[in-house]
Amino acid sequence: MRPDKGDLVFGIRPIMEAVNAGRTVEKVLVKKDLDGELYNELFDLLLQHNIPVSKVPIEKLNRVTSSNHQGVVAYMSPIEFAELEDLIPAILETGKVPLVLLLDQVSDVRNFGAIARSAECAGADAIIIPLQGSAQINADALKTSAGALNIIPVCRVKLLKYATLYLQQNGFQVVAATEKADASLYSVDLTIPTAIVMGAEDTGVSNEILKIANKRVKIPLVGKIDSLNVSVAASIMLFEAVRQRSLGSKS
């Protein structure tokens, strides 16, 4: 999907001005081997603001825009990202039992949008994604989310491992969904503060996260196909938490 011109800022100085003005940048494409004092200044600024940078051939940039891009194109985000260290304490202060979702390299835009929709419907408090490797949050993602991405906070972190450890330090159990698990989803208590981890469409949750997760669970399947679409699997995980918490509130 070719972005609208309003989704793009191109040229080194215009991108620097956008970042300094507080606009939210989704990612920046940079021509391979681009160098120079002004570019280095831009790169340092992007690094300071944890903005993803991808080095690409000039042909890629020319396909994105025919304007004079100076070897640099920025995709602007339609949402504002929340800071993890600000959001989690605020969630805990509400007194409700928190539920957050971590997406480990989920890169398909429509899957991401569908997951956000399910997460908001399930009352999840936040979605946490890594800086690199996640789906672009663009107009297509917003549309697929049915507007949920305008409601549920999204945190973008440099390392998902850091976010996982931070959540554990703040009293969350981290439950990773993986077909490699022995335990069933339905055997785990989700009525306590929980962070659910869903993995990439092709490789699943990374071994790095699986090693530090408190629980590893699988969704029981009885058909001949041995896997679910990640957005469907995320919905099942989220609404099992809703079911358990609903039963607990009636007792």
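The values are calculated or read from the model by the stated rules, or taken from the named source; none is laboratory data. As the structure is a computational prediction, the values presented were derived from the model and not from experiment. Here the Cβ is made from the backbone with ideal geometry for all residues, glycine too, and neighbour counts use every protein chain on show. Quick note on the areas: whole protein, heavy atoms, side chains included, nothing else; ligands and nucleic acids left out. Shrake-Rupley method; radii C 1.70, N 1.55, O 1.52, S 1.80 Å.
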P(r) of the stretch 164-210 over all Cα-Cα pairs, 10 Å bins starting at 0, rounded to whole percent, reads 25, 53, 22, 0
Excluding ligands, DNA and RNA, what is the solvent-accessible area per residue of the stretch 175-239 at a probe of 1.4 Å, expressed in Å²?
-> 54
Relative contact order, percent, the stretch 139-201 [alpha-carbon distance under 8 Å, six or more residues apart] | 28
Alpha carbon Rg of the stretch 122-251, scaled by the compact-globule rule 2.2 N^0.38 Å | 1.06
List, in order, the whole-Hz ³J(HN,Hα) value for each residue of the stretch 155-163 obtained from phi through the Karplus relation with A = 6.51, B = -1.76, C = 1.60 and θ = phi - 60°; use x for Gly and Pro.
-> 9, 10, 10, 5, 10, 5, 4, 4, 4
Any chance you could list the semi-axes, whole Å, largest first, of the equivalent ellipsoid that the Cα gyration tensor gives for the chain, using √(5λ)?
-> 35, 19, 16
Counting Lys and Arg as +1 and Asp and Glu as -1 over every other residue whose Cβ sits under 14 Å from the Cβ of residue 240, the net charge comes to +3
On the protein heavy atoms, probe 1.4 angstrom, tell me the percent of accessible surface of the chain carried by carbon and sulfur.
-> 50
Computed over the Cα atoms of the stretch 1-73, the Rg and Dmax in Å are 11.4, 33
Pull up the DSSP beta bridges for the stretch 24-95 and report the antiparallel fraction as a percent, rounded to 5.
-> 55
Take the chain, connect every pair of alpha-carbon atoms lying under 10 Å apart with a spring to form a Gaussian network, then pick out the residue of 93, 80, 26 with the largest mean-square fluctuation.
-> 93
Using DSSP, restrict attention to beta bridges with both residues in the chain and report what percent are antiparallel, rounded to the nearest 5.
-> 25
Taking only C-alpha pairs under 8 Å that are 6+ residues apart, what is the relative contact order of the chain in percent?
-> 18
Residue-wise HN-Hα coupling along the stretch 95-102, computed from phi with Karplus coefficients 6.51, -1.76, 1.60 (Hz; x: Gly, Pro) | x, 7, 7, x, 9, 10, 10, 10
Among residues other than residue 57 whose Cβ falls under 14 Å from its Cβ, what is the net charge (Lys/Arg +1, Asp/Glu -1)?
-> +3
Counting Lys +1, Arg +1, Asp -1, Glu -1, what net charge surrounds residue 96 among other residues with beta carbon under 12 Å of its beta carbon?
-> -1
Kindly identify the stretch 1-149 as rounded, prolate or oblate by the Cα gyration tensor criterion: order the square roots of the eigenvalues as a ≥ b ≥ c, call it rounded if a/c is under 1.5, otherwise compare a/b with b/c, prolate if a/b is larger, else oblate.
-> prolate
